Amino acid sequence: MPGKEDYFLTFNKDEIFKNLIAVEGHFRNVKPGFESGDLACIVKHLADIEGHADEAISHSLIAEGKEVSAKYQQLRDMVREFRHKVQKGEITPEEGIKKTRELRAFFEKFNPSYDVSKCATCGNVEETLEKLKNILKKLSLIHI
């Protein structure tokens, strides 16, 4: 039977994962002409990720060791820096999506069971998006 540290670490992982997905979704729905205050919900999700990463630092130290604990510390610091930029309005929605994906990829490297990029149902999301961009370029519907 897993110990309490394992239980709480799993909770932290789930919350980090769900909030990363929510941040990307919110960035997708930001309207043109937005103001930094319009990103308050994104800031809330980033702060929640930061808090769960903080907790995961100590839970993982006991449950998984120093190396994983250091990864959560690094994740926390990356999220904090990103949150500050979002709060200052220094991030475009496109940059926000890209940065969120980078954070998720970092998290997934040491938590592979949370990697949804290779969904058997959807296929590789990154490859699908790239194919779609190329089609839209050819049709002159977007300029990337």
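The values are calculated or read from the model by the stated rules, or taken from the named source; none is laboratory data. Remember, predicted model here, so these are calculated numbers, not experimental data. In this analysis, Cβ positions are derived from the backbone assuming ideal geometry, glycine residues included, and neighbour counts consider all displayed protein chains. Quick note on the areas: whole protein, heavy atoms, side chains included, nothing else; ligands and nucleic acids left out. Shrake-Rupley method; radii C 1.70, N 1.55, O 1.52, S 1.80 Å.
Things to note:
- Pairs meeting the criteria (first residue in region 52-69 and of a type in the set (A, V, I, L, M, F, W, C) and surrounded by 18 or more Cβ atoms within 10 Å (Cβ to Cβ), second residue in a loop (DSSP other than H, G, I, E, B) and at pLDDT below 95, beta carbons under 8 Å, at least 6 apart or on different chains) are A63/G3.
- Residue within region 117-128 that is assigned to a helix (DSSP H, G or I), in contact with a strand residue (DSSP E or B) (Cβ under 8 Å, 6 or more places away or on another chain) and either at pLDDT below 95 or open to solvent by 30 Å² or more (accessible area, probe 1.4 Å) (or both) present: yes
- Filter result (open to solvent by 30 Å² or more (accessible area, probe 1.4 Å) and either at pLDDT below 95 or closer than 23 Å to T10 by Cβ (or both)) within region 81-93: Q87, K88, G89, E90, T92
- Qualifying residue in region 31-38 (condition: among the small types (G, A, S), more than 24 Å from S117 (Cα to Cα), part of a helix (DSSP H, G or I) and modelled with pLDDT of 95 or more): no
- Residue that is farther than 24 Å from N111 by Cα, in a helix (DSSP H, G or I) and of a type in the set (V, I, T), where the choices are V86, V79: V86
- Filter result (touching a Phe, Trp or Tyr at 6+ places or on another chain (Cβ under 9 Å) and open to solvent by 40 Å² or more (accessible area, probe 1.4 Å)) within region 1-40: D14, F17
- K71 being within 24 Å of F8 (Cβ to Cβ), in a helix (DSSP H, G or I) and not aromatic (F, W, Y): yes
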